[in-house]
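S.K.: Just dropping this structure here.
What follows draws every value from the coordinates through simple rules; no lab data is involved. A quick note: this is a predicted structure, and the numbers were derived from the prediction, not measured. Note: ideal-geometry Cβ built from the backbone for every residue, glycine included; neighbour counts use all protein chains shown.
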Amino acid sequence: MDTKEIYLTKAGHAKLEKEYEELTTNGRKDIANMIKTAKEFGDLTENSEYADAKDQQVFIEGRIAELEHLLKNAAIIDESHNNCTQVNVGCSVNVEVNKGEMEFMIVGSAEADPEKGWISNESPIGRALLGKKAGDTVEIEVPAGKIQYKIKKIK
């Protein structure tokens, strides 16, 4: 697997740890009980409950492996914002675009949530903004064409 750092906020890291703990304890236990119950229905070749339980087991084990990878390679973002003289992971950026203003929080890809304004440092916009300072203008190629973003404030 790829061993690059995965940027997470403290809250995001805690959320993933909680999910991991839940899946490795209760999640696995629940699936084991579902499989046991489904086996009691008889012939496994035509047992949809058994097939569903096994599918859920595969999903949970895949998610556990994904969480282990994320947590193992996590780099916690410094959210103090004292060092945001230029755009970096963990900074909020106010930009002017098309005569309007937007605010983005630059986060790692595991926490990106465009509806909240949290964009990944690996996204086209995030990559273009990284390292820039207030007053800089960047032109970004997006599916709709080229858009200019003028950085107003970094915090």
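S.K.: Kindly provide the pair-distance distribution of the stretch 1-49 built from C-alpha pairs, with 10 Å bins from 0 and whole-percent values in order of increasing distance.
M.R.: Pairs per bin, as whole percents: 21, 27, 24, 18, 10.
S.K.: Same structure, new question: If you place +1 on the Cβ of every Lys and Arg and -1 on the Cβ of every Asp and Glu, how big does the dipole about the Cα centre of the stretch 6-76 come out, in debye to the nearest 20? If you can, show how the numbers build up before the last one.
M.R.: On the way: 10 positive and 14 negative charges, 86 e Å.
So the dipole magnitude of the stretch 6-76 works out to roughly 420 debye.
S.K.: For the chain, what is the calculated [θ] at 222 nm in deg cm²/dmol (nearest 500), taking -39500 (n - 2.57) for each run of four or more DSSP H residues and dividing by its residue count?
M.R.: Working: 4 runs with 56 residues, N = 155.
Here the helix-only value at 222 nm equals -11500 deg cm²/dmol.
S.K.: Using packing as a proxy for protection, rank 44-51, 119-126 so that the peptide with the highest average count of other Cβ atoms within 10 Å comes first.
M.R.: On the way: 44-51: 12.6, 119-126: 19.0.
Answer by packing, highest mean first, reads 119-126, 44-51.
S.K.: What residues qualify as long-range amide H neighbours of E122, i.e. H under 5 Å apart, gap of 5 or more or another chain, H built at 1.01 Å from N?
M.R.: Amide H neighbours of E122: S109.
S.K.: Using the eigenvalues of the Cα gyration tensor, what equivalent ellipsoid semi-axes result for the stretch 79-150 when each is taken as the square root of five times the eigenvalue, whole Å, largest first? Could you put the intermediate results ahead of the total?
M.R.: Numbers: eigenvalues 64, 44, 23 Å².
Square roots of five times the eigenvalues give 18, 15, 11 Å.
S.K.: To continue, here is another question. Please give the charge dipole size of the stretch 92-154, origin at the Cα centre, charges +1 on K and R Cβ atoms and -1 on D and E Cβ atoms. Round to the nearest 20 debye. Numbers along the way, then the final one.
M.R.: Values: 9 positive and 10 negative charges, 61 e Å.
Roughly 300 debye for the stretch 92-154.
S.K.: With charges set only on the Cβ (+1 for Lys and Arg, -1 for Asp and Glu), what does the dipole of the chain come to about its Cα centre, in debye to the nearest 20?
M.R.: On the way: 21 positive and 28 negative charges, 179 e Å.
Using Cβ point charges on Lys, Arg, Asp and Glu, the chain gives about 860 debye.
S.K.: Using only Cα atoms, what Kirkwood radius does the chain have, in angstroms?
M.R.: Values: mean 1/r = 0.0548 Å⁻¹.
Taking the inverse mean of 1/r over all distinct Cα pairs, the chain comes out at 18.2 Å.
S.K.: Looking only at the chain, where both bridge partners belong to it, what percent of the DSSP beta bridges are antiparallel (to the nearest 5)?
M.R.: That works out to approximately 75 percent antiparallel.
S.K.: Just going by the charge dipole of the chain, with Lys and Arg at +1 and Asp and Glu at -1 on Cβ, which of N98, H13, I119 is farthest out on the positive end?
M.R.: The Cα lying farthest towards the positive end belongs to N98.
S.K.: Give me V93, V107 sorted ascending by neighbouring Cβ count inside 10 Å, so fewest comes first. Intermediate values should be presented prior to the final figure.
M.R.: Numbers: V93 27, V107 24.
Least crowded to most crowded, the residues run V107, V93.
S.K.: Apply the membrane-span-like helix rule to the chain: whole DSSP H runs, Cα extent along the own long axis of at least 24 Å, mean Kyte-Doolittle hydropathy at least -1.0. List the helices found.
M.R.: Working: long enough: 48-72 (36 Å, -0.53).
Membrane-span-like by this rule: 48-72.
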